[in-house]
Amino acid sequence: MEPQICSRSRSNGHPCRQSALSWPRRAASSNPVACQFHMSEQEKQDRHRGLYGNSDELMAALLAADPVCWSWPAPGAPLAENDEPALHQWHAGQCAVCGDNDPRLVVDHDHTTGLVRGMLCPPCNRKEGARYGGIFNRYRERPPASILGVRVFYWNPATREYAEPAAPRGDRWSDNAMRGIGL
């Protein structure tokens with residue numbers, strides 16, 4: 001299935017060429033074919049409600065739950081240590097934390113080790129990075145890569161290099177750039 005393109009026009013009258021946002025089946029209003037820039041506030045709210053329901057209730061339930069990847073069946077054969085394609089295949093387009101099918105899954109990695117942990121939908125990736133507790137702590141303790149026994153270094157598309165493990169941090173006060181400067 002090809003991604004849909006926004007059906008609305010830009011301010012200069014030319015057609016917009018941005019990808020349209022995915023629209024949940026359970027949303028209240030009709031499904032506009034629009035990008036994030038051309039969707040009305042009401043359409044954005046309807047889409048958000050369709051995707052996440054009541055956000056406060058959903059967040060409380062998510063924080064109390066276990067990551068959905070813990071319930072997925074293990075692969076039949078042992079995997080090679082650096083088998084990244086098998087990790088992607090095991091996810092089958094689903095977020096490791098919430099289980100949503102999202103074509104925009106992103107590769108989540110540990111900044112300390114530089115190793116890939118799993119695949120997350122953008123909302124879960126943002127929450128995981130903000131260090132929410134509960135389900136995200138459990139996900140970090142036993143991510144898909146450790147379940148499958150793979151060890152893959154994260155490829156950074158911006159730098160076009162593999163992530164390096166972070167240098168150990170010393171005492172934050174002794175490493176302070178302001179140390180020794182009298183005020």
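The values are calculated or read from the model by the stated rules, or taken from the named source; none is laboratory data. Because the structure is predicted, anything quoted here is derived from the model rather than measured. All Cβ positions, glycine included, derive from the backbone under ideal geometry; neighbour counts span all protein chains shown.
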Worksheet, complete the sentence: Note on ALA86: of the conditions (1) part of a loop (DSSP other than H, G, I, E, B); (2) at negative phi; (3) at pLDDT below 90, unmet is (1)
Practice prompt. Considering only the range 92-129, state which residues are assigned to a loop (DSSP other than H, G, I, E, B) and more than 12 Å from the chain's Cα centre (by Cα).
Written response: ALA92, ASP110, HIS111, THR112, THR113, GLY114
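Quick grid of which residues meet (1) assigned to a loop (DSSP other than H, G, I, E, B); (2) at pLDDT 65 or above; (3) closer than 30 Å to ARG117 by Cα; (4) not assigned by TED's automatic domain parsing to the domain that holds ALA96:
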position	(1), (2), (3), (4)
SER7	yes, yes, no, yes
PRO24	yes, no, yes, yes
SER30	yes, no, no, yes
VAL33	yes, yes, no, yes
MET39	yes, yes, no, yes
GLN45	no, yes, no, yes
ARG49	no, yes, yes, yes
LEU58	no, no, yes, yes
PRO73	yes, yes, yes, no
Worksheet item: Of the numbered conditions (1) surrounded by fewer than 16 Cβ atoms within 10 Å (Cβ to Cβ); (2) modelled with pLDDT of 80 or more; (3) of a type outside the set (A, V, I, L, M), ASP102 satisfies every one except a single condition; which is it?
Response: (1)
Worksheet entry | Qualifying positions in the range 86-116 - among the aliphatic types (A, V, I, L, M), within 16 Å of SER71 (Cβ to Cβ) and touching a strand residue (DSSP E or B) at 6+ places or on another chain (Cβ under 7 Å) | ALA96, VAL97
Worksheet item: Can you name every residue in the range 123-144 that is touching a Lys or Arg at 6+ places or on another chain (Cβ under 9 Å) and modelled with pLDDT of 90 or more?
Response: TYR139, ARG140, PRO143, PRO144
Worksheet item: Counting only residues that are out of contact with any strand residue (DSSP E or B) (no Cβ under 9 Å at 6 or more places or on another chain) and of a type in the set (A, V, I, L, M), how many does the range 117-141 have?
Response: 2
